[in-house]
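The values are calculated or read from the model by the stated rules, or taken from the named source; none is laboratory data. Note that this is a predicted model, so its numbers are computed, not measured. Methodologically, a virtual Cβ is constructed for each residue, glycine included, from the backbone with ideal geometry; neighbour enumeration extends over all protein chains shown.
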Amino acid sequence: MRIGTACLSGYRIGFYGHSEEWDGALETAIESSGCELWGVVYALSSMDWERIDLWQGARFDGTGMYFHYPVQVCGAQGILYEALMYKKDVLGMPQLPSNRYLEHILYGAKQNRLPQKYVDNLLALPAKPAEYAVPVRAGGNPAALAGSGCEACATAL
């Protein structure tokens, strides 16, 4: 169930690694003083978590691409939420996302009515053209999200 939009202060979006699915780097949250990272807070069932973990390759033993990272985010009217976000485990050097992947992120930001200033910052990020048609669903299992309570994820199929 969608709770609403929220801000994570002291973080920004960064891109690292390489995804065959998107032919470019994947996003993660990077600590950065004075920055804000915006997103959506969801209340998820344990089955939703399992499905998203499978799709994102998150594993509790630390061998996955992402792990659950506890944060406190600020929602509308200053309401604070204790939340878990997906954070990349291994970063390396920053890389460029594909144009298509960045468009996908922008689409979500606009659909969820994130602040225009944040959307403008996303629009200004550098990206590269993909060398093939993306997304390619080679690495994940989006079918695992079918029937998920996370509407935004379920519509990503």
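Summary table below
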quantity	calculated
Qualifying position, being closer than 18 Å to Ile3 by Cβ and either modelled with pLDDT under 95 or surrounded by fewer than 16 Cβ atoms within 10 Å (Cβ to Cβ) (or both), among Leu91, Leu80	Leu80
Qualifying residue in segment 14-21 (condition: among the polar types (S, T, N, Q) and either over 30 Å from Glu131 (Cβ atoms) or part of a strand (DSSP E or B) (or both))	yes
Residues that are part of a loop (DSSP other than H, G, I, E, B) and of a type in the set (Lys, Arg), drawn from segment 36-70	Arg59
Members of segment 83-126 found to be assigned to a loop (DSSP other than H, G, I, E, B) and among the basic types (Lys, Arg), listed by number	Arg113
Top-ranked residue in segment 44-64 [being among the hydrophobic types (A, V, I, L, M, F, W, C) and touching a residue at least 60 places away in the same chain (Cβ under 8 Å); ranked as farthest from Leu26 (Cα to Cα)]	Met47
Residues within segment 21-66 that are over 15 Å from the mean Cα position of the chain (by Cα) and on the phi > 0 side of the Ramachandran plot, tallied	3
Criterion violated by Gly139 - all others in (1) within 18 Å of Glu27 (Cα to Cα); (2) small (Gly, Ala, Ser); (3) modelled with pLDDT under 80; (4) out of contact with any Ser or Thr (no Cβ under 9 Å at 6 or more places or on another chain) satisfied	(4)
